[in-house]
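A short write-up of the structure that comes next.
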Amino acid sequence: MNLQIIERKSPILGTSKLACLREVATVNLAAGCAHGCVYCYTRGYSTFPGEGIVCLYQNLAERLKEELRRKRKLPKRVYFSPSSDLFQPFDELREAALEVLQILFNAGVEVAFLTKGVIPEPHFQLLERFSSLCFTQIGLITTDDRVRAIFEPDAASVAVRLAQIERLRTAGIPVTVRLDPILPEVTDSAETFDAICQATSRRGVQNLAASILFLRPGFASHLARHFSKCNVPTDLRPCLDALLARFRSARPLAIHAGASQTSALPLLDRLAIFARLTTSATRNSQTIHLCTCKNPDLPADFFDVQKLSGCKISGEKRGFWFE
C-alpha cells in the first residue's frame, strides 16, 4: 500500500451526494482507503486514486481551522468519512486524524464516524475525554473472520471491532453497529444475523443499521477477479459463486446519491433478507435502521412496527446521524 501526500483544492468541510448526509458537514482526510474492502463503492468515484494507493491531503489542520474561523455558524456535527476510513494504518494519517478531531472537539463540534479500522490508543483517549460529542458506527458484516478476511482484507479483525465496541460503550459513547453491506448468499443467513445481534447485544449495542450490497457497473467483474486470487476456504467457495450468480439477474436501481445507477437484488429478495434480520434483532431487543438512500423502493408500510413482530425499525429519511 502506497501513501502519497497531495494538495486539496476544494474545502475540507464538504457535503455528501448521499441524501441521508446532505444536511451534515463531511470530512475526508484522504482519497482511497488502505482497508481494501472489495465491495467498496468509492472505486466508482472520480477521486478514487487507484488500487493500492491512499492520498492524504496536506495541511488539513491549518485549513480546517481557517474554514471554521470564516464560518458565521459552526456545524453542529461533522461526519467522517464518506469515501475513506478515519482510522487507517499510516502514521501520517493517524496524526492528521488526531489533530483534526482535537480541533473539532475544542470548538464544541460533534463528531460522527463509521470505521472498520483499528482505533489507536491516543485517539481512543481523546474520544473518551469528549464522549458527549461522539457518535460512532462500527462496521461489522460478519462474526466469521474468514469471511471478513476475504471481503475486508486489511480492516480490523472481528475480535478487535467487538473489543472497540465494548470500550466505546463503557465510555458512554453511543455505538451503532452497521451491517453494510449484507452480502447475499454469504452473510444474509439467519445464523449470521443471530451471531451478530447476540455478540453486539452482549456489549450493550441497541442500534443496528443495515443495507444490502449493491453493485456499480463493472464491480461484479472486479469481485470475480478478486475471488479468483483469494485463498478461499473450500466451504466458502460455493457461497461466493452464488453471490455472483445472484447479481447476474440484478436490476438497475437509481439510489439517492446524485445520478447514481446501481445493480440491486429484486425488491422481494431484499425484503426477505431484511425480514430475517429484524427477527434476529427482535430476539435481542435491538432497533434496526435501514438506509432508504440505498433502498429507495422500499414500500412505506415496511416501516410499520406492528407488521414486523414488534421490532423497532425505521428508514434513514434524514440520515441516521440526526436521530
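Roughly what would the spin-label model give for residue 125 and residue 225, points 7 Å off Cα along C-beta, in nm? Each label point lies 7 Å from its Cα, and together they span 4.4 nm. Placing pseudo-labels 7 Å out from each Cα toward the beta carbon at residue 38 and residue 70 gives an inter-label distance of 4.3 nm.
In the structure displayed, which of 73/116; 65/294; 73/294; 9/229; 76/116 lie more than 28 Å apart, Cα to Cα?
Details: 73/116 31 Å; 65/294 34 Å; 73/294 31 Å; 9/229 37 Å; 76/116 24 Å.
Going by Cα-Cα distance, 73/116; 65/294; 73/294; 9/229 fall outside the 28 Å limit.
Comparing 272, 31, 209 in a Gaussian network model of the chain (Cα springs below 10 Å), the most mobile by mean-square fluctuation is 272.
For the range 16-150, count all C-alpha to C-alpha pairs, find those more than 25 Å apart, and express that count as a whole percent of the total.
Numbers: 2368 of 9045 pairs.
Value for the range 16-150 (Cα pairs over 25 Å): 26 percent.
Can you pull the percent of the chain's accessible area that's carbon plus sulfur, 1.4 Å probe, other chains left in place? That fraction is 50 percent.
The chain: D in µm²/s via Stokes-Einstein (Kirkwood Rh, Cα pairs, 4 °C, 1.567 mPa s)? The partial results should precede the final answer.
Numbers: Rh = 20.3 Å.
After rounding, the answer is 64 µm²/s.
In the elastic network of the chain, a GNM with C-alpha springs shorter than 10 Å, the most mobile of 46, 132, 201 is 46. Accessible surface calculations at 1.4 Å, restricted to protein heavy atoms, place the range 99-252 at 39 Å² per residue. For the chain, modelled as a Gaussian network with Cα springs under 10 Å, which listed residue fluctuates most, 58, 125, 286? Among 58, 125, 286, the largest mean-square fluctuation in the Gaussian network model of the chain belongs to 125. One decimal place: the segment residue 254-residue 61 gains 65.9 nm when fully extended, by the rule 0.36 nm per residue minus the C-alpha distance.
Summed over qualifying helices (DSSP H, 4 residues or more, each -39500 (n - 2.57)) and divided by its residue number, the chain shows a 222 nm mean residue ellipticity of -10500 deg cm²/dmol.
The values are calculated or read from the model by the stated rules, or taken from the named source; none is laboratory data. Everything quoted here is computed from the prediction, not taken from an experiment. Reconstructed Cβ throughout: ideal geometry from the backbone, glycine too, with neighbour counts over all protein chains shown. Areas reflect the complete protein model, heavy atoms only, side chains present, ligands, DNA and RNA absent. Shrake-Rupley method; radii C 1.70, N 1.55, O 1.52, S 1.80 Å.
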